[in-house]
Amino acid sequence: MTKSSLEEYILAMTGLHAVLGEEVSLRAPLFIRQRYGLHALHVGGRRFLAIRPDTSEAFRPAAFEKHLREISKAMPDMTGYCVITRGLAGYVRRRMTERGIPFVDVGRQLYWPQLGAACQEKVLKAHLPSADTLSPASQAVVMHLLSGEIRQPTSAKALSGRLGYTTMSISRCLDEIEGSGIAPVERKGRERLLHPQDTATLWARALPLLQSPVRKVVRIMETQIAGERLPLAGLTALGELGRLAAPGEATYAIWAKTWNGRLQKTETIPIEDEGTCLVELWRYDPQLFSPSGVVDPFSLYLSLKGNPDERIEKALEELTENAAPAEKSRPLR
C-alpha cells in the first residue's frame, strides 16, 4: 500500500482529507517498535497515531489490545489511534469491529468511530436522508452499481427503466444513496446523475447498510416453478460456483412481488422430500443481476452472512474478494 492510496481511500470513504505524516518515536518496549510502524496521521484537522502491523496475516486483535496498553503509556498528545492494514481477513475485521478497534483496511473497509461525527456533519450539510439500513429499492440500485453495468453517470429515468421502479422511487433511492455517502450523485440541470464507483470502495462503503435480500424461504415441489427460469441461490449457488459441494435440495430465488403475483397459492411442503426445492422470496428482483443463472455474489454473501459453518464463511469471503478485488499491496513510502 502506498501513502497516497491510504490518503485517497480515507478521502473516498469519509470525505475528509488525510495526510500520513512523520514517523513517531515512542519509548515503548523493543518488541512493540519491531512489530508496528508508527506514524502521525492528520485527518480533518485532527492528529491520530497510525499503527501499522508488520504483517496483516499475523495480526491478532486480542494480542493487539495487550500491545496497545504499552503503546498508550508512551503515546504523545493525539486525538486517538487507528490500525492501518491491507488484505486483512474478513473474520479479523469483524473481530476488530466487535472489540471497537478503529482500523482502515485500505480498499476494503474503514471502521473509525471517532470520525463519525465529522463524517456525519459533512453529509448532513446536504440535508439529505441517511439510514441505518438501505431500503430494498436503494439496495437494488447499489447491486446494479456493483454489477459493473453502470459505466457512466446514469439518470434516475434510465435506472427506472432498467430496474422496474418508478422514476420517483429511484429519485428517493438517489437521495438515500447520496445521503449515506455510498456514491456521488451529480445535479445537471433538471437531471440527477448517479456516478459509477470502484467496486471494492463501493462494497466497503455500502456493506454496513445492506441487509439480507431474503424475506422468507418456502419449500415447494420443483415442478411448480419449472417454467420460471429462477436463478440458483443459497448453498446451491455456492456449489454451482465451485465454492462448496451443492446440497441435495436445490435453492432458487424469486422477487417476493413476483411470487405474490402469480405463485402465492402454490402448495408449500413442510419437510424435505423427493422432488422438493427451497425458494427464497427476495426484497428485490434477483433476476436483474443473474445473467448466468446464479444470483449475484454480493447478494449471495448477504443472504448467507452469519452462517456458523466456517467453510461457508470462508467460501463467502473468497467470493466477495474475487468479485471486489482490492489493489495489490505495496509498502508505504
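The values are calculated or read from the model by the stated rules, or taken from the named source; none is laboratory data. No experiment lies behind these values; they were computed from the predicted model shown. Cβ placement follows ideal geometry from the backbone for every residue including glycine, while neighbour counts extend to all protein chains displayed.
Filter the stretch 305-333 for residues that are in contact with a Lys or Arg (Cβ under 7 Å, 6 or more places away or on another chain) and in a loop (DSSP other than H, G, I, E, B); which is modelled with the highest pLDDT?
Looking at residues that are in contact with a Lys or Arg (Cβ under 7 Å, 6 or more places away or on another chain) and in a loop (DSSP other than H, G, I, E, B), I get 326.
Determine whether the stretch 244-251 contains at least one residue that is out of contact with any Phe, Trp or Tyr (no Cβ under 9 Å at 6 or more places or on another chain), in the same structural domain as residue 220 (by TED's automatic domain parsing) and part of a strand (DSSP E or B). It would help to see each step written out before you state the result.
In the first step, residues of the stretch 244-251 are kept if they are out of contact with any Phe, Trp or Tyr (no Cβ under 9 Å at 6 or more places or on another chain); the result is 244-251.
When the remaining residues are screened for being in the same structural domain as residue 220 (by TED's automatic domain parsing), the result is 244-251.
Right, trim to part of a strand (DSSP E or B) and you get 251.
Yes, some residue in the stretch 244-251 is out of contact with any Phe, Trp or Tyr (no Cβ under 9 Å at 6 or more places or on another chain), in the same structural domain as residue 220 (by TED's automatic domain parsing) and part of a strand (DSSP E or B).
From the residues in the stretch 113-152 that are part of a loop (DSSP other than H, G, I, E, B) and modelled with pLDDT of 90 or more, which one is farthest from residue 174 (Cα to Cα)?
Checked the stretch 113-152; the qualifying residue farthest from residue 174 (Cα to Cα) is 147.
Show me the helices (runs of 4 or more DSSP H) entirely contained within the stretch 17-109 in which 1 or more residues are touching a Phe, Trp or Tyr at 6+ places or on another chain (Cβ under 6 Å).
Details: elements: 30-35, 61-74, 90-99.
Of the helices (runs of 4 or more DSSP H) lying wholly inside the stretch 17-109, those with at least 1 residues that are touching a Phe, Trp or Tyr at 6+ places or on another chain (Cβ under 6 Å) span 90-99.
Testing residue 218 on (1) of a type in the set (Val, Ile, Thr); (2) in a loop (DSSP other than H, G, I, E, B); (3) under 28 Å from residue 311 (Cβ atoms), one condition comes back false. Which one is that?
Among (1) of a type in the set (Val, Ile, Thr); (2) in a loop (DSSP other than H, G, I, E, B); (3) under 28 Å from residue 311 (Cβ atoms), the lone unmet condition for residue 218 is (2).
Check 39, 67 and return the single one that is over 24 Å from residue 98 (Cα atoms) and crowded, with 17+ Cβ neighbours inside 10 Å. Steps first, please.
Working: 67 fails: over 24 Å from residue 98 (Cα atoms).
Checking each option against the conditions leaves just 39.
Among the residues of the stretch 42-64, count how many are surrounded by 16 or more Cβ atoms within 10 Å (Cβ to Cβ), farther than 19 Å from residue 21 by Cα and at pLDDT 85 or above.
3
Going through 248, 227, 261 one at a time, which residue ends up being loosely packed, with under 11 Cβ neighbours inside 10 Å and closer than 21 Å to residue 136 by Cβ? Show your work before the answer.
On the way: 248 fails: closer than 21 Å to residue 136 by Cβ; 227 fails: closer than 21 Å to residue 136 by Cβ.
After applying the criteria, what remains is 261.
Give me the pairs, please: first residue somewhere in the stretch 51-66 and among the hydrophobic types (A, V, I, L, M, F, W, C), second residue anywhere and part of a loop (DSSP other than H, G, I, E, B) and modelled with pLDDT of 90 or more, beta-carbon distance under 9 Å, and either six or more positions apart or on two chains.
Short answer, once both residue conditions are applied: 64/101.
So which of 281, 302 ends up being assigned to a helix (DSSP H, G or I) and either in contact (Cβ under 8 Å) with a residue 12 or more places away in the chain or polar (S, T, N, Q) (or both)? Break it down stepwise before answering.
Details: 281 fails: assigned to a helix (DSSP H, G or I).
Exactly one of 281, 302 is assigned to a helix (DSSP H, G or I) and either in contact (Cβ under 8 Å) with a residue 12 or more places away in the chain or polar (S, T, N, Q) (or both), namely 302.
In the stretch 1-12, what count of residues is obtained for those that are under 15 Å from residue 197 (Cβ atoms) and either without any contact (Cβ under 8 Å) to a residue 24 or more places away in the chain or surrounded by fewer than 20 Cβ atoms within 10 Å (Cβ to Cβ) (or both)? Let's see the steps before the verdict.
Narrowing the stretch 1-12 to residues under 15 Å from residue 197 (Cβ atoms): 8-9, 11-12.
Remaining after also requiring either without any contact (Cβ under 8 Å) to a residue 24 or more places away in the chain or surrounded by fewer than 20 Cβ atoms within 10 Å (Cβ to Cβ) (or both): 8, 11-12.
Selection size over the stretch 1-12: 3.
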